[in-house]
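Everything on this sheet refers to the single structure shown next.
We did not get these values from a lab; they are worked out from the coordinates using the rules stated. Note that the structure is predicted; figures quoted are calculated from it, not measured. Glycine also receives a Cβ, built like all others from the backbone with ideal geometry; neighbour counts cover every protein chain displayed.
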Amino acid sequence: MPDTAQATDKVQSSAPKPVATATGDANRKRLLTYLGIAVVIGAVTYGAYYGLVASHYVSTDNAYVGTDTAQVNALVSGPVATIVVSETQVVKAGDVLLTIDDADAKIAVAQAKAALALAQRHVQGYYASDEALAGQVGASQAEVARATAMIASAQSGLDNAKTELTRRQNLAQSGAVSQEELTTAQNAYTQAQAAYNTAVANRASAVAGVQAAGGQRATNAAQFTGASADQNPEVLAAQAKLDAANLALERTVVRAPTDGIVARKAVQVGQQVAVGTPLMTVVPTARAYVDANFKEGQLRKVIPGQTVELHSDLYGKSVTYHGTVRGISGGTGSAFSLIPAQNASGNWIKVVQRLPVRIDLDPKELAAHPLRVGLSMDAEIDTRK
């Protein structure tokens, strides 16, 4: 009897179990249903978000800060006298960076000034010579006039002597004059002829003198005609040499070509430098930009002018930079390498290429949170605009 009672109790205690199992199955089905609905809602939400928002953005963390650095080179040769700046120093455009010994440059300036003064005196001499040569031309012309008058006088005397000789020759035939008188008339004619020839020769000499003086004056005038004394070619050439000497003297003081930070200083005091020797670099951080290397498949909708949000590892997500796409590079980095990739081989493996996208940054944001060349950036482009 006790065993029968125990069996009865077991049957009674196990009787509700089918009801509990059915309830658990229902709860499990309900949970799975809710979970399925949540998954569907999440998938639909993500699909809608991706289709409406996320698909219009492309991002990369393969981006780096860059800028167009200003290389400072020596423009004159000589030993370095002083160095005013040091690495990492902030400079403004026009600030003195270093000086080169200027002793030779000062001597060159003094020589150029002397050469200019000499050229100016030469030109003044040309003007003075022109006045003297003009006087010579006038005197020669007066000599020609005097010689011309002498020819006329000699011609008159010659005509008279010839007439007298002819008359006495006629009288001598009739015996009206003596032989001595005839001889005197012949001598007078000969002297008159000689005087005439001398007058003609003197005039020819005077004419030659006029031509010679005129030629000398023309040669002298060619040195200054057509330009003032200050614009004379000799003066201009000397002035140009003086300007070059002054420029060389000015270039012994090396100044910063732009605002920025001094970097890569490669010169010491006393070092002999030649024209073109690299001295240092000035990095204009205020004009920094970002080169973001996007995969080729990400650039289908990227065009210049689109807006970009960027974050720097230096400041983290707390600082957001806003930029604008300036343009897309003309080729990948490997295309411009010294040894371009050769893909025409049997075991070629396709590698996804990246193209640099140049992004301009907001100058005000750069001023508030300066960046340095080479820093890593995260860039996200909004392709809807």
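If amide hydrogens are placed 1.01 Å from N in the peptide plane, which non-local residues have theirs closer than 5 Å to the one on L279?
V72, N73, A74
With a 10 Å radius around each residue's Cβ, average the other Cβ atoms per peptide and rank 98-109, 347-358, highest first.
Going by the mean number of other Cβ atoms within 10 Å, highest first, we get 98-109, 347-358.
In which sequence would F336, F294 go, from the one with the fewest C-beta neighbours within 10 Å to the one with the most?
In increasing order of surrounding Cβ atoms, one gets F336, F294.
Can you list the HN-Hα couplings for the range 234-247, worked out from phi with the Karplus curve (6.51, -1.76, 1.60; θ = phi - 60°), rounded to whole Hz and with x for Gly and Pro?
Couplings: 5, 5, 5, 5, 5, 5, 5, 5, 5, 4, 5, 5, 5, 5 Hz.
Evaluate E = 1/(1 + (r/R0)^6) for L247 and R372, where r is the Cβ-Cβ distance and R0 equals 41 Å; express this FRET efficiency to the nearest 0.05.
Numbers: r = 35 Å, r/R0 = 0.85.
Efficiency at R0 = 41 Å is approximately 0.75.
Is the range 259-385 best put as rounded, prolate or oblate by its Cα gyration tensor, with a ≥ b ≥ c the root eigenvalues, rounded for a/c under 1.5, and otherwise prolate when a/b is larger than b/c, oblate when not? Can you show the working numbers first?
Details: a/c = 2.62, a/b = 1.22, b/c = 2.15.
It is oblate, given that a/c is not under 1.5 and a/b is not larger than b/c.
Label points 7 Å out from Cα along the Cβ direction at T82 and V319: separation in nm?
Between T82 and V319, the label points sit 3.5 nm apart.
Let me check I've understood the local charge: for V254, count other residues with C-beta under 14 angstrom from its C-beta, Lys and Arg +1, Asp and Glu -1. What total comes out?
Neighbourhood net charge equals -1.
Need the full-extension length gain, A117 to L35, defined as separation in residues times 0.36 nm minus the C-alpha distance. One decimal, nm.
Working: separation 82, 0.36 × 82 = 29.52 nm, distance 10.08 nm.
Answer, rounded to one decimal: 19.4 nm.
Take the Cβ-Cβ distance between E181 and T148 as r, set R0 to 41 Å, and report the resulting FRET efficiency rounded to the nearest 0.05.
Rounded to the nearest 0.05, the efficiency is 0.75.
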